[in-house]
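So the structure is just underneath, and the comments pick up after that.
The values are calculated or read from the model by the stated rules, or taken from the named source; none is laboratory data. Note that this is a predicted model, so its numbers are computed, not measured. Backbone-built Cβ (ideal geometry, glycine too); neighbour counts: all protein chains shown.
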Amino acid sequence: MPPSASDIERAERSLKRSIVKRDCTVEQFRTLMQLSDNIESDTDQKTLFRVRLRDLDSLLTNFHADQDDILDQLIILSREEQFVKSHAPVEALILDSFYRVQAVAADHHLDADRSVQNISSRSTRSNVQLPKILLKQFNGDLQQWCSYRDTFTSLVHNNDELSDIERFHYLLSSLSSQALPVVRSIPFTEVNYIVAWEALHTRFDNKRLLVNYHLDAMFAFCPLASESVSGLKRFLDTFQQNISAIKALGVDDLASFLLFYIASRCLDAQSKRLFEAEQHTNETPTIDILLKFVHNRCKILQNSTSTLLPKQTESSKKLHHKSSLFTSNIPDQGQQTSCTMCKDSHFLFQSSKFSSLPVQQRFKVAQSRRLCMNCLSAHHKTSTCQSKHTCRHCAQKHHTLLHLDKSLVKTKSIESSHESSVPVC
């Protein structure tokens, strides 16, 4: 049944409270990030960073708990899509900050103090009832893969208190949509947990696709029309988040892959498919590999095209040129084998003697020999001509060589005689 008005009001209050708590945690992460940037030059900042580093794990735990509460309240309010648009991106930023702080601490050998403090804090908090950490759901969206993978690895895969069959159960329960079919067909046994986990990695742990995703997000960013705080923040969020994610993926030659990414967008679809068919790993290709592929494709296309084109002799070229200029109607090859004017073995319209005559004379020759006025054949009448060709000048049903331009008719006698006999256009 739908929630009552009081339930909605209570959910709204809880949502606001969780967002405020979550934002406070985010602010503490930002403070840690600022301290990590200054520990090289400021000894006091380094000391403060070491002290605050002890709370890093608890900050992440609190953040996830607040995120889960936000999602729960949005589900009650039937506004789940708001979580994906407004709250999920914050989680990606926090995870990036978490790992960057860890990296700085490792570079400066600050992990030891933190480990001692973690042991002490765990024993101190052993009797404190903390909220449960819910497993992230993964539906096959590559954007969420790294976050899901790291969370599942930390909470389940590396948990020594769990058996493999329990890990397998948690794995199946955390997958949905396009991700679930990858492991659903694997028999649910303890020994098959590793098989399922590796199958999931094989499908989604694709460095190339992940880098492409983040590059697509940056290239799709629309230029800011005017200066504004919201626009500049959106710019920073988009580029900082995606650049950090790309760096975390550890691309070997990022500059070369960036050139490859830009160039590959300009290829046609078929060339892209052929290029991908030659790639047998998920590693990021370089611009040199792409250019070599395109060079080879050019050679293949040039060689295959030159062998398919028939060679024309000079005589065939001249014949083709002449026939294309003076013909539009070709009679049946089996009917007319010699010219009716000079008796040579060619058609009448190919006779230089016939084509050199004035139009009126050509018409008289065709009329005197009772030729078809449409195709100049002597084997049928104009009324029974089956040729679909027409005059190239006026598109009427007479041969192009019999076309008479009306503007060239100068005398009334010639005009009157041709109105009754010669087609005038």
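Taking the stated definitions as given, is PRO181 of a type outside the set (Ser, Thr, Tyr), surrounded by fewer than 13 Cβ atoms within 10 Å (Cβ to Cβ) and outside any helix (DSSP H, G or I)? Considered against the rule, which asks whether it is of a type outside the set (Ser, Thr, Tyr), surrounded by fewer than 13 Cβ atoms within 10 Å (Cβ to Cβ) and outside any helix (DSSP H, G or I), PRO181 comes out as no.
Confirm whether VAL211 is within 25 Å of ASP288 (Cα to Cα) and touching a residue at least 12 places away in the same chain (Cβ under 8 Å). Here the answer is yes, as VAL211 does meet what is asked. Hey, among the residues in the stretch 191-236 that are part of a helix (DSSP H, G or I) and of a type in the set (S, T, N, Q), which one's farthest from the chain's Cα centre (by Cα)? The extreme case among them is ASN192. Scanning the stretch 237-270 for residues that are among the β-branched types (Val, Ile, Thr) and outside any helix (DSSP H, G or I) yields one hit, VAL251. As for the stretch 38-49, it holds no residue that is within 21 Å of THR151 (Cβ to Cβ) and either outside any helix (DSSP H, G or I) or under 36 Å from the mean Cα position of the chain (by Cα) (or both). What about VAL156, is it out of contact with any His (no Cβ under 9 Å at 6 or more places or on another chain), surrounded by 15 or more Cβ atoms within 10 Å (Cβ to Cβ), at pLDDT 90 or above and outside the structural domain of ASP96 (by TED's automatic domain parsing)? So VAL156 fits the description; yes.
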